[in-house]
């Protein structure tokens, strides 16, 4: 019979239902749900539709006695009552039996990787997407174990525990970067370039050394801009002369500029605009 090992592993699970509610065999319900999921079912209703469509064939192959497909609530209540640890333990036993080899010819490799399950976000209960860490045997193309995590940062602590729970010897475990301890912060600080914008150098003249000849010209890229033209603005000539006089006498200008109307004029420090 196909899937006999999986059916036997599911039969070892304790049934959480009452004796009055065990009209359908639990091991067959779980096996048919797995087959429906492999066929593309993504909801309880689609699983029930698969069982209803293939009921006679499923009864003949797996020895079930389903007179009709179960109701949606029957399947839903069963999955809600099942313990996640018991179901995971049953699948791990089944995967361990498939992965068992008396004498491996080459070094075996088990890849550890965490992924967020697509479509696992629950809008009704406001539950975020499920993140699962999996152990995949690459030579057998078999998933050995799952472990649900809160997020990707928890993979670093979960990987050693999952390796210990598998109990495999003579196996090479591989993991991606999030599963490895991060480098020290000082190493990150050395490799990370500064995000500050570079400031332009201050214009200077090459007379800092006694041996270098004095230079009275600034560097071309930092040359001061040319003075604005005053040909079309006659009033700027008087303003420029007064500003130069004030700056030459004191570091703080002593000239206050007012703007009465549309013309500029020069006022003394004690006057008001």
Going through (1) in a helix (DSSP H, G or I); (2) touching a helix residue (DSSP H, G or I) at 6+ places or on another chain (Cβ under 7 Å) one by one, residue 85 fails only at (2)
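Which residue, of 64, 90, is within 30 Å of residue 21 (Cα to Cα), free of Cβ contacts under 8 Å to residues at least 40 places away in the same chain and either surrounded by 12 or more Cβ atoms within 10 Å (Cβ to Cβ) or touching a strand residue (DSSP E or B) at 6+ places or on another chain (Cβ under 9 Å) (or both)?
Working: 90 fails: free of Cβ contacts under 8 Å to residues at least 40 places away in the same chain.
On inspection, the qualifying residue turns out to be 64.
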Residue check, residue 64 against (1) under 17 Å from residue 3 (Cα atoms); (2) assigned to a helix (DSSP H, G or I), all met but one. Which one? (2)
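Only the coordinates and a few stated rules stand behind these numbers; no lab work does. The model shown is predicted, which means the values in this text are computed figures rather than measured ones. Note: ideal-geometry Cβ built from the backbone for every residue, glycine included; neighbour counts use all protein chains shown.
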